[in-house]
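Each reported figure results from applying straightforward, stated rules to the coordinates on display, with no laboratory input. Owing to the predicted nature of the structure, the values given are computational and were not obtained by experimental measurement. Cβ coordinates were reconstructed from backbone atoms using ideal geometry, including for glycine residues, and neighbour counts include every protein chain displayed.
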């Protein structure tokens, strides 16, 4: 049985905070998580946040956004920084782990790139996989999971309950 779920939270940074707390709670239980969680900095009211990811369980922190200027629109993802994060996570997966967390199954993953191969590797290794996503990519995530993914409400109690249920 594949142990795979996704969650969606609305509001700036809510999903990031939720998955970071989930990683901390799992760590407190003595479980090891691999993957990335996102932290946003510089979130002034009139500007977009800088996007940083923390490679689980202990870093490094990598800035994955690029500054395209105040008036820029569209994707600010830095492909070189993303490749660095993917490599760091891949290397971390050489050590044992229980859970794989991905801050966002986004456009890159929907197109078959990004962390998609590492998600598949984690599932093949029997890890529990939880990803954040958005309504735009949820259907593609479901397809990736072969219809086996569970959508979990975006709160810590429901995430922990789902984890406990699939790992009982």
Practice prompt. Determine the relative contact order of the chain: mean sequence separation of Cα pairs under 8 Å and six or more apart, normalised by residue count, in whole percent.
Written response: 31
Worksheet item: So for the pair residue 160, residue 17, with labels modelled 7 Å out along Cα→Cβ, what separation do we get in nm?
Response: 1.7
Worksheet item: Got a sec? How would 97, 6 order by Cβ neighbour count within 10 Å, fewest to most?
Response: 97, 6
Worksheet item: Which value, to two decimals, describes the C-alpha radius of gyration of the chain once divided by 2.2 N^0.38 Å?
Response: 0.99
Worksheet, complete the sentence: Per-residue Cβ contact counts at 10 Å, fewest first, order 56, 31 as 31, 56
Worksheet item: What order do you get for 90, 65 when you list them from fewest to most C-beta neighbours inside 10 Å?
Response: 90, 65
